[in-house]
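A short write-up of the structure that comes next.
The values are calculated or read from the model by the stated rules, or taken from the named source; none is laboratory data. All figures in this text were calculated on a predicted structure; none of them were measured in a lab. Positions of Cβ are generated from backbone atoms using ideal geometry, with glycine treated the same way; all protein chains shown enter the neighbour counts.
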Amino acid sequence: MLKTGKRINAYRKYSEDFKRKLVEEYERGGMSVLQMQRLYGVCNALIYKWIYKYSTYNEKNIRIVEMKDSQSNRVKELEEKVKALERTVGQKQIMIDYLEKMIDVAKETYSIDIKKNSNTPPSGGSKPTGK
C-alpha cells in the first residue's frame with residue numbers, strides 16, 4: 001500500500017506452459033480447482049477460464065461441473081453406510097434362517113407347532129388383578 005492510501009494492483013502473468021500444466025493436472029484428476037487455487041495462489045475463475053480455453057475435452061455448450069470435496073466425502077460415507085447396512089441385513093437373514101430351522105427341528109422332535117397361527121384365539125393366561 002502506498003503512503004497516499006492507494007493500493008497497488010499486482011497483476012501476474014502466467015506462461016502458456018503453466019496454464020496448460022494446470023489444465024492437464026485437472027483433467028488427469030490429480031487435483032481439484034480448489035486444491036490448485038490454494039497451492040499456486042491462482043484465482044479459481046482464472047483456472048476455470050484456462051480449462052475452458054485449453055482443455056482437450058472442451059466442446060461448445062458444455063459446462064464443467066466439479067464436485068466439492070464435502071460432496072465427494074458425503075458420497076463415500078453414504079456408500080460405506082450402505083455396505084454396512086447390507087452386511088447387517090445379511091447377518092439378520094442368517095439368524096432368521098437359523099431360528100426357523102430350530103423351530104422345524106423342535107416341531108419334528110417334540111411334535112409341537114411352535115409357530116402360532118394368526119387366527120388362534122389368545123390363551124387364557126392370568127386374570128387381571130383387581131386392586
Residue count, the range 48-95, condition modelled with pLDDT under 70 and within 26 Å of the chain's Cα centre (by Cα), comes to 9
Can you name every residue in the range 106-131 that is assigned to a helix (DSSP H, G or I) and either surrounded by 10 or more Cβ atoms within 10 Å (Cβ to Cβ) or at pLDDT below 75 (or both)? 106, 107
